[in-house]
Amino acid sequence: MKKYICDVCAWEYDPEVGYPEGGIAPGTAFEDLPEDFVCPLCGVGKDQFSEE
């Protein structure tokens, strides 16, 4: 699974780890994140992330 990086603050979403603090289980692909997912550090949407 590919990792994704926030274009604004460089926070990394790793699908293998997920984001348990935000209710996202390990193994959740970036494409399967809810449409209203936002970066936990800076608050931008999924459209502001790029594949690593």
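The values are calculated or read from the model by the stated rules, or taken from the named source; none is laboratory data. The structure presented is a predicted model; accordingly, all values stated were derived computationally and were not measured. Note that we place each Cβ from the backbone using ideal geometry, even for glycine, and neighbour counts take in every protein chain shown. Quick note on the areas: whole protein, heavy atoms, side chains included, nothing else; ligands and nucleic acids left out. Shrake-Rupley method; radii C 1.70, N 1.55, O 1.52, S 1.80 Å.
Figures for the structure shown
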{"item": "Net lengthening on full extension, Ala10/Glu35 (0.36 nm per residue, minus Cα-Cα)", "result": "7.0 nm"}
{"item": "Total formal charge among the other residues, if their Cβ is under 13 angstrom from that of Glu52, Lys/Arg +1 and Asp/Glu -1", "result": "-3"}
{"item": "Long-range amide H partners of Ile24 with built H, under 5 Å", "result": "Tyr19"}
{"item": "Average accessible surface area per residue within the chain, 1.4 Å rolling probe, Å²", "result": "62 Å²"}
{"item": "Neighbourhood net charge (11 Å Cβ-Cβ; Lys/Arg +1, Asp/Glu -1) for Lys3", "result": "-4"}
{"item": "Order of exposure, largest accessible area first, which applies to Glu12, Glu51 with probe 1.4 Å", "result": "Glu51, Glu12"}
{"item": "Relative contact order, percent, the chain [alpha-carbon distance under 8 Å, six or more residues apart]", "result": "40 percent"}
{"item": "Only Lys, Arg (+1) and Asp, Glu (-1) charged, at Cβ; the chain dipole about Cα centre in debye", "result": "80 debye"}
{"item": "Protein accessible area in the chain, 1.4 Å probe - carbon and sulfur %", "result": "49 percent"}
